[in-house]
């Protein structure tokens, strides 16, 4: 790819950086990390205060399915400290979501002075798309995957009227939270696929033609990733694999739009 060496120094593409010694850069980094830590700590304290409400929100899909089946919604804990540490995990989980915009802005404030105006314009859509796609993946898991997956797992219980004994599910609060967090983060991170591939396409590492060429392998990879990240049931695995395939197809179109012009000509 041919690069005009004068592009980055053009007067209409200024850079607002200034020379700073190493200690000043470290001091600036320390400032940004401090603000990020304060934002996370404040979010954690607030989240811990509302930890029970947040946990109930996360458990609501399971509670709703249990009520539909005529069961008493109930989760148990088997160790004295289990509920406390579960609420701590809930607070950390919530604080990560709430403080993410502040942490992302601090990262941007640290690197932005070293970027040209054109580079800032190029990165801005990715900064906007990243949290949107992550929350979109988490919403898909919560509102679509959870109800259907929990209904499938609860179907293995038996009724005492038809069996010699009854098999009931008694989920632990910590096990349920770990499963929910794993799925939400798995769906959220996997939904960042278009951002990652588009960035790689913009810098010329991959091309739309290359993605189309290896499409069949990518499909297999989507199912392998889904099998690793989700519980061992076909529904949940397919629920992640199909959106991944759709996002891969969207990524091909996005890469074609942003890849360097010389690559487009070669294709």
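The values are calculated or read from the model by the stated rules, or taken from the named source; none is laboratory data. Predicted, not measured: the structure shown is a model, and the values here were computed from it. Counting neighbours? That spans all protein chains shown, and the Cβs are built from the backbone with ideal geometry, glycine included.
In the set 104, 95, only one residue is outside the structural domain of residue 202 (by TED's automatic domain parsing) and surrounded by 15 or more Cβ atoms within 10 Å (Cβ to Cβ); that residue is 95. Taken as a whole, the condition of being surrounded by fewer than 21 Cβ atoms within 10 Å (Cβ to Cβ), over 19 Å from the mean Cα position of the chain (by Cα), farther than 16 Å from residue 142 by Cβ and outside the structural domain of residue 78 (by TED's automatic domain parsing) applies to residue 234. In this structure, residue 72 does satisfy being modelled with pLDDT under 90, within 30 Å of residue 172 (Cα to Cα) and not in a helix (DSSP H, G or I). Scanning the range 74-88 for residues that are surrounded by 11 or more Cβ atoms within 10 Å (Cβ to Cβ) and free of Cβ contacts under 8 Å to residues at least 40 places away in the same chain gives 84, 87.
Yes/no per residue for (1) modelled with pLDDT of 90 or more; (2) within 24 Å of the chain's Cα centre (by Cα):
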{"position": "217", "(1), (2)": "yes, yes"}
{"position": "230", "(1), (2)": "no, yes"}
{"position": "245", "(1), (2)": "yes, yes"}
{"position": "255", "(1), (2)": "no, yes"}
{"position": "266", "(1), (2)": "no, no"}
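Filtering 71, 60 for residues that are surrounded by 14 or more Cβ atoms within 10 Å (Cβ to Cβ) and more than 20 Å from residue 138 (Cα to Cα) leaves a single hit, 71.
Exactly one residue out of 83, 39, 79, 59 is in a loop (DSSP other than H, G, I, E, B) and at pLDDT below 95: that is 79. Checked against the criteria, residue 133 does not count as touching a residue at least 24 places away in the same chain (Cβ under 8 Å) and assigned by TED's automatic domain parsing to the domain that holds residue 251.
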